[in-house]
Amino acid sequence: MKHRIIYIVSFVALLLLNACDRGSDYIYPSVILDFLNATTNSKGVVDTFATDNNLIYKVDANYSKVILTANITQRVVAYYSVNKQATGDSVGAANIHSMAKIISSVPRVGNYVWSKDPVTIQSVWKSGHWINLTLGIKMLKGNHYMAFIQGDNEIINGQRVITVEVSHDKNGDTESFTNIVYMSIPLSQYETAYPTGFTINVLIPTSSGITTYTFTD
């Protein structure tokens, strides 16, 4: 029996950045859009974050109204401005202007349905211990189901090769507006299991077929 993926993307709770309305006269500072590893306090508010190149920032001001799970580190995408530049030896300081939690689960292993409703691809790249994806999905108001599924995991010509499938089930929703979804595939579990290296193929369903991105660690 095949299992259904349960990560839900809805129209009203889509993985979009929260807009921060601070008045028409407010001049926004120069901001950076990035995928981050954010650590929360006991109230679920982000008080520090790390970039994928291991720069750490404490948060001076968090203008986002997003509340996350308390007392853990989790993957987010955010607009932030730097008050003090971080280095490898010192913690920096920053303000978060908007933020959203993203799908960043370990690829599911087992008898799961790979739903192939098409997405559009904006960008796919490797950064630190992650493969990041910025995708577009056409939706109106329904719930969509998205996740990562691990496919083949085998040795080919002496090299460990892993397949990860991006699953998208539009759940009968009407294809209307294109909305952006942010996702990250964690690589730490593969780095631990295969310390001598591996290749990972990311398979993404599009309207023209399956598009494959290949990365070597």
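Mind listing whichever residues of the stretch 136-154 are of a type in the set (A, V, I, L, M, F, W, C), touching a Phe, Trp or Tyr at 6+ places or on another chain (Cβ under 8 Å) and surrounded by 15 or more Cβ atoms within 10 Å (Cβ to Cβ)? Listed by number, the residues that qualify are Met139, Met146, Ala147, Ile149.
Of all the numbered requirements in (1) closer than 30 Å to Thr178 by Cβ; (2) over 17 Å from the mean Cα position of the chain (by Cα), Asn83 misses one, and that requirement is (1). Quick check: is even one residue across the stretch 142-153 touching a helix residue (DSSP H, G or I) at 6+ places or on another chain (Cβ under 7 Å), aliphatic (A, V, I, L, M) and either more than 17 Å from Ile102 (Cβ to Cβ) or outside the structural domain of Ala38 (by TED's automatic domain parsing) (or both)? Within the stretch 142-153 (the criterion being touching a helix residue (DSSP H, G or I) at 6+ places or on another chain (Cβ under 7 Å), aliphatic (A, V, I, L, M) and either more than 17 Å from Ile102 (Cβ to Cβ) or outside the structural domain of Ala38 (by TED's automatic domain parsing) (or both)), the answer is no, since none of the residues qualifies. Set side by side, the residues Ile137, Ile156 differ, and just one is of a type outside the set (Ser, Thr, Tyr), out of contact with any Cys (no Cβ under 9 Å at 6 or more places or on another chain) and farther than 14 Å from Ser115 by Cβ, which is Ile156. If the condition is being modelled with pLDDT of 95 or more, under 14 Å from Ser104 (Cα atoms) and among the aliphatic types (A, V, I, L, M), then the stretch 136-172 contributes Ile149, Val164, Val166. Checked against the criteria, Tyr213 does not count as hydroxyl-bearing (Ser, Thr, Tyr), within 19 Å of Gly151 (Cβ to Cβ) and not in a strand (DSSP E or B). When each of Ile96, Ile131 is tested for being surrounded by 19 or more Cβ atoms within 10 Å (Cβ to Cβ), closer than 18 Å to Pro29 by Cβ and aliphatic (A, V, I, L, M), the lone residue that passes is Ile96.
The values are calculated or read from the model by the stated rules, or taken from the named source; none is laboratory data. This structure is a prediction, so every number in the text was calculated from the model and none was measured. Please note: Cβ atoms are built from the backbone with ideal geometry, for glycine as well, and neighbour counts cover all protein chains shown.
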